[in-house]
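Notes follow once the structure below has been shown.
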Amino acid sequence: MFDAASSHGQTRRPLPPAQPPADGVPTPRTPVSARGDRKGRTAPDRPGRQRDAFFDNAKYLAIVLVAMGHSWEPLKGDSRILEAAYTVVYSFHMPAFILISGFFSRNFDMRPDRLKRLITGVVVPYVLFETAYPLFKNLVTGSHEEISLLDPWYLTWFLVALFVWRLTTPVWRLVRWPLPLALGIAMLATVSPNIGDDLDLQRVLQFLPYFVLGLCMKPEHFQLVRRRWVRVAAVPVFAVALAVGWWAVPRMNTAWFYHRDSAQELGAPWWCGPVMTLAMMGCSLLLTACFFAWVPRRHMWFTTLGAGTLYGYLLHGFLVKFGDYRGWFEHPWLHRPLGEILVTVLAAGAVTALCTGPVRRVFRFAMEPRMEWAFRRDAAESARERQQPRQERREKVGV
């Protein structure tokens, strides 16, 4: 008994070198070039692997809008103008973030290394923060909230959704008409109150078309919004959106923008669900295009923060909830214009700080754990490592 590959008279072929991930592959773990050295300085990107400043800028600005929207929520009931701004922001900030996530998931497949990154960068943070949020509330308020991995708490629904969307990416790359199919699923979800709250599946399904649209997009599609006339047109479009938002405040239930309930649960006829799905997607994509038109294309002071948006997203919830539990948002002065501006500035500043390098280094154990001990070693990778010293010895002796 012997291995034919190692029999005498046969040349042993070396294993092919490891291939780098294809461009656009989602990587929850921050690339080495974006992590910087121990002193916090950003290392230059390798040739061919340079990060696009546009997308980092867009992710940072989107996460700032998310934090601002969460800080406005306890205050908007006393200000029609603030609630109009809240409505406009909520109509596009998550769609923009999800669309970018889909764009960078285009080449996702079931390759072991990508599945590992999906587990360590999405599943593990979900479990940790789904546990941490109710424990935090119990600590601050003295309540007795239960921990449930099936009922996403506050912000963690996005991690569940991202996990499901990325796992289904090969399916969307296979079918002939992915976007109409995803849109049909979202429309059906809005008329299905029996879906329930487990894993926040309503949000997973209703936001699905934005992720699939990102999968279908190409880099040249983002070039369309970089034209000057689009940037100019975005100004009146946002002005009209704010006016419509102000008009709709007493006439529309803002819960439609959360995409977490069916039409029946919102007290509307079933047929309103599909209609609102189409109408809101049209409005969201229009405002998302205008948002992208305003995103800077060049490297800015906040560009490097775009690599840490998941940190800002998950961590700023503790600050917002702490203020809510302590009753800080109930202070009468904060419900005045200057107070609302102060809260907005503080929210933007806080989420910016949470995206910085020092914070990312402290919380990397929760957001980007390596967890090599939890996974089996890839056989091809192990063989390459064993063969490398042998190849180096051959090169030294001229073999």
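We did not get these values from a lab; they are worked out from the coordinates using the rules stated. As the structure is a computational prediction, the values presented were derived from the model and not from experiment. Note: ideal-geometry Cβ built from the backbone for every residue, glycine included; neighbour counts use all protein chains shown.
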Scale the Cα Rg of region 184-316 by the rule-of-thumb value 2.2 N^0.38 Å and send over the ratio, two decimals.
-> 1.22
Three principal axis extents, largest first, for the C-alpha atoms of region 244-361, in Å?
-> 50, 40, 27
Computed from every Cα-Cα pair in region 51-369, P(r) in 20 Å bins starting at 0 and rounded to whole percents is 30, 64, 7
Step through the residues of region 193-209 one at a time and calculate ³J(HN,Hα) from phi using the Karplus curve (6.51 cos²θ - 1.76 cosθ + 1.60, θ = phi - 60°), rounding each to whole Hz and writing x for Gly and Pro.
-> x, 7, 4, x, 9, 4, 6, 6, 5, 4, 5, 4, 7, 6, 8, 3, x
Could you tell me which GluC sites (Glu not before Pro) in region 81-170 are loop residues by DSSP with no more than 13 other beta carbons within 10 angstrom of their beta carbon?
-> E145, E146
For region 51-369, the charge dipole (Cβ of Lys, Arg +1; Cβ of Asp, Glu -1; about the Cα centre) points to a positive end, and the Cα of L338, V351, A84 closest to that extreme belongs to V351
Rounded if a/c under 1.5, otherwise prolate or oblate - region 49-144, Cα gyration tensor axes = oblate
